[in-house]
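Here's the structure we're looking at; comments come further down.
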Amino acid sequence: MVNSVVRSSLLRNPTVRHYAVAAAAQSSASSGPETKVLANKVIVAACDTNSPLAQVSIVFRAGSRNETYETQGTAHYLRIAAGLSSSSFSAFAITRNIQQLGGCVLTTLDRESIAYTLQITRNHLTDVLKYFEAAVTKPVFKPWELTDELQRVQYDLTCLSDTTLIVELLHKAAFRNGLGYSLFCPEHQIGKISPETLQHFFNTWCTTPRCAVVGTGVSLEELAALGSNLSIASAENANEASKYCGGEIRKETNSSLTNVAIAVEGVSLKNEKDALACAVLQRASSGVPRVKWGSSSSPLYKELSSVAGTEPFGAQTFNASYTDSGLFGVVLCSPPNISGSVSKHNSIRVTKAAKKWLKSLKLSDNDIARGKNILKTEVWDAADNALCLLENMQQQAVLKGEISSPASLVNNIDKLSASDVKAVADKLAKGKLSMASIGNLKTVPYLDELKYMS
């Protein structure tokens, strides 16, 4: 079993796992995505690409945002527990029977969903579906099996990069609970998540109204048969809304680098037009070069370069859109000597410059046109990637209840005017700041100091 806690998307920065309003792909040799709502309220979506490889996902609208203060880390445990014993088959039987036919099961988690994906050759799909369905929908969470997985939880935590940690801290500073809960189990919770807690979480949030069955290289009828027979509860529980609060979290380490993330409240997925405009804004302002060995022409990069001079730094904008809120900001990495101190020439250094840029978000029409072209390229590129296609379908099905075609998405991007993007930028620029920092924080200014710096 392969686990992943993050995955890329079209409306969010690749460093963070977010929902993509991006489209499912259409192959020239296949029909477009088809959707259907079953009698048990499970949403089924299929795109028969005529591929010899079948991919089938069971997705639940359940993630770390559904935890409570006492149960933080439950979603991480649920991801780790994928493939353990079910009420029908042992963990050994599930693993051996899927592997014997060349299959693979992937588990991906984000703040709003968890997806279990079976990949196998199409001619063996029918033979392994019963094991896959049992592993996903009939877990029993045996205490001794969970104890054996503690090392995997600890390993996940030790492998976290500062870039991942800074984004997790930023969410905690911005939202406190709900969306503020981390994708990873807090260290003080390791070994404290009981089988009863996991079973209660699964029974509460992994229900048919919050479920989607999605596939590529498989027919809609096959997926409908699977979705109709899922052995899960039918309760419809609503998410508690997450309120953006804004705040600051600092974590000092012995790192030789300083990582800082600054953000304002972003755009939720309720307004698809604004969500697309925010995605264009992120790509228009990103500091990452688009050509190998080239430099970025974005407004952010120019702003930071003017104050950093010849000192090295890294900067990337990110856009995190959720069903009821979002984050838009900048992640910085630099040596501590240029993160916040004022030089002898009284020039504002990288952190202050990033805040200044974020509170203005000025873009030219040429910047916006470039951002639209980049986003459209990413849409079509994702449409040609089988795994991206599946993951986009997963998120659209479980969070939107419908699948958009790439052509319609690109058409919607084309309809965005420069004034639409600038209107969203003006709204974001007026937002309350949140900040997180990790590493050597000697020269990093505090959030209250940044607010009054011009």
For this session: Being touching a helix residue (DSSP H, G or I) at 6+ places or on another chain (Cβ under 6 Å) and part of a helix (DSSP H, G or I) is the filter here, so list the residues in region 115-128 that pass it.
Result: Val128
For this session: Out of Leu399, Leu361, report the one residue that is touching a residue at least 12 places away in the same chain (Cβ under 8 Å) and touching a helix residue (DSSP H, G or I) at 6+ places or on another chain (Cβ under 7 Å).
Result: Leu361
For this session: Search region 375-395 for residues being touching a Ser or Thr at 6+ places or on another chain (Cβ under 9 Å) and either of a type in the set (Asp, Glu) or without any contact (Cβ under 8 Å) to a residue 60 or more places away in the chain (or both), and hand back the single one that is farthest from Arg61 (Cα to Cα).
Result: Asp384
Exercise. Is it true that Glu402 is within 23 Å of Gly32 (Cβ to Cβ), part of a helix (DSSP H, G or I), at pLDDT below 95 and not hydroxyl-bearing (Ser, Thr, Tyr)?
Worked result: no
Exercise. Could you give every pair whose Cβ atoms fall below 6 Å, whose first residue belongs to region 294-310 and is under 14 Å from Lys352 (Cα atoms), and whose second residue is open to solvent by less than 40 Å² (accessible area, probe 1.4 Å) and part of a loop (DSSP other than H, G, I, E, B), counting only separations of at least 6 or pairs across chains?
Worked result: Leu300/Gly287; Tyr301/Gly287; Val307/Ser347; Val307/Arg349
Exercise. Being over 27 Å from Asn203 (Cβ atoms) and charged (D, E, K, R), is that true of even one residue in region 138-158?
Worked result: no
For this session: Output the residues belonging to region 432-454 that are closer than 13 Å to Gly246 by Cα and under 27 Å from the mean Cα position of the chain (by Cα).
Result: Lys432, Leu433, Ser434, Met435, Ala436, Leu447
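Conditions (1) open to solvent by 60 Å² or more (accessible area, probe 1.4 Å); (2) of a type in the set (Asp, Glu); (3) outside any helix (DSSP H, G or I); (4) modelled with pLDDT under 95, marked per residue:
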position	(1), (2), (3), (4)
Lys344	yes, no, yes, yes
Leu361	no, no, yes, yes
Met393	no, no, no, yes
Val424	no, no, no, no
Problem set entry | Number of the condition not met by His171 [criteria: (1) under 20 Å from the mean Cα position of the chain (by Cα); (2) open to solvent by 30 Å² or more (accessible area, probe 1.4 Å); (3) not β-branched (Val, Ile, Thr)] | (2)
Exercise. If you check Ser86 against the conditions, is it among the polar types (S, T, N, Q) and in contact with a strand residue (DSSP E or B) (Cβ under 6 Å, 6 or more places away or on another chain)?
Worked result: yes
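Residue by residue, here is whether (1) within 24 Å of Ala397 (Cβ to Cβ); (2) modelled with pLDDT under 95; (3) crowded, with 23+ Cβ neighbours inside 10 Å; (4) under 24 Å from the mean Cα position of the chain (by Cα) holds:
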| position | (1), (2), (3), (4) |
| --- | --- |
| Glu112 | yes, no, yes, yes |
| Ala115 | yes, no, yes, yes |
| Gln119 | yes, no, no, yes |
| Tyr131 | yes, no, yes, no |
| Val136 | yes, no, yes, yes |
| Phe141 | no, no, no, no |
| Leu146 | no, no, no, no |
| Val153 | no, no, no, yes |
Exercise. Give me the pairs: first residue in region 52-77 and closer than 13 Å to Leu198 by Cβ, second residue of a type in the set (Gly, Ala, Ser), beta-carbon distance under 6 Å, and six or more apart or on different chains, which are they?
Worked result: Ala75/Gly63; Ala75/Ser64
Exercise. Hey, any hits in region 217-230 for a residue that's surrounded by fewer than 21 Cβ atoms within 10 Å (Cβ to Cβ), under 30 Å from Ser51 (Cβ atoms), touching a helix residue (DSSP H, G or I) at 6+ places or on another chain (Cβ under 9 Å) and not hydrophobic (A, V, I, L, M, F, W, C)?
Worked result: yes
Problem set entry | Selection count where residues are surrounded by fewer than 18 Cβ atoms within 10 Å (Cβ to Cβ) and in a strand (DSSP E or B), scope region 249-264 | 3
Problem set entry | All positions within region 86-114 that are out of contact with any Phe, Trp or Tyr (no Cβ under 8 Å at 6 or more places or on another chain), closer than 20 Å to Gly217 by Cβ and in a strand (DSSP E or B) | Cys104, Thr108
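Please go through region 56-81 and give me each residue that is buried (at least 19 other Cβ atoms within 10 Å of the Cβ) and either part of a loop (DSSP other than H, G, I, E, B) or at pLDDT below 95 (or both), ordered by number.
If the condition is that a residue be buried (at least 19 other Cβ atoms within 10 Å of the Cβ) and either part of a loop (DSSP other than H, G, I, E, B) or at pLDDT below 95 (or both), then Arg61, Ala62, Gly63, Glu67, Thr71, Gln72, Gly73, Ala81 are the ones that fit.
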For this session: Please specify each residue of region 174-202 satisfying the condition of being in a helix (DSSP H, G or I) and surrounded by fewer than 16 Cβ atoms within 10 Å (Cβ to Cβ).
Result: Glu187, His188, Glu196, Gln199, His200
Exercise. What is the number of the single condition among (1) over 28 Å from Val140 (Cα atoms); (2) out of contact with any Lys or Arg (no Cβ under 8 Å at 6 or more places or on another chain); (3) surrounded by fewer than 20 Cβ atoms within 10 Å (Cβ to Cβ); (4) not β-branched (Val, Ile, Thr) that Leu53 does not meet?
Worked result: (2)
Seminar exercise, completed: Selection from region 265-308 of residues part of a helix (DSSP H, G or I) and open to solvent by 20 Å² or more (accessible area, probe 1.4 Å) yields Glu272, Lys273, Asp274, Pro299, Tyr301, Lys302, Glu303, Ser305, Ser306, Val307
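The values are calculated or read from the model by the stated rules, or taken from the named source; none is laboratory data. Bear in mind that the values here come from a model prediction, so they are computed numbers and not experimental data. Here Cβ is always computed from backbone atoms with ideal geometry, including for glycine, and neighbour counts include all displayed protein chains. For the accessible areas, the whole protein counts, side chains as well, though only heavy atoms, and no ligand, DNA or RNA atoms are used. Shrake-Rupley method; radii C 1.70, N 1.55, O 1.52, S 1.80 Å.
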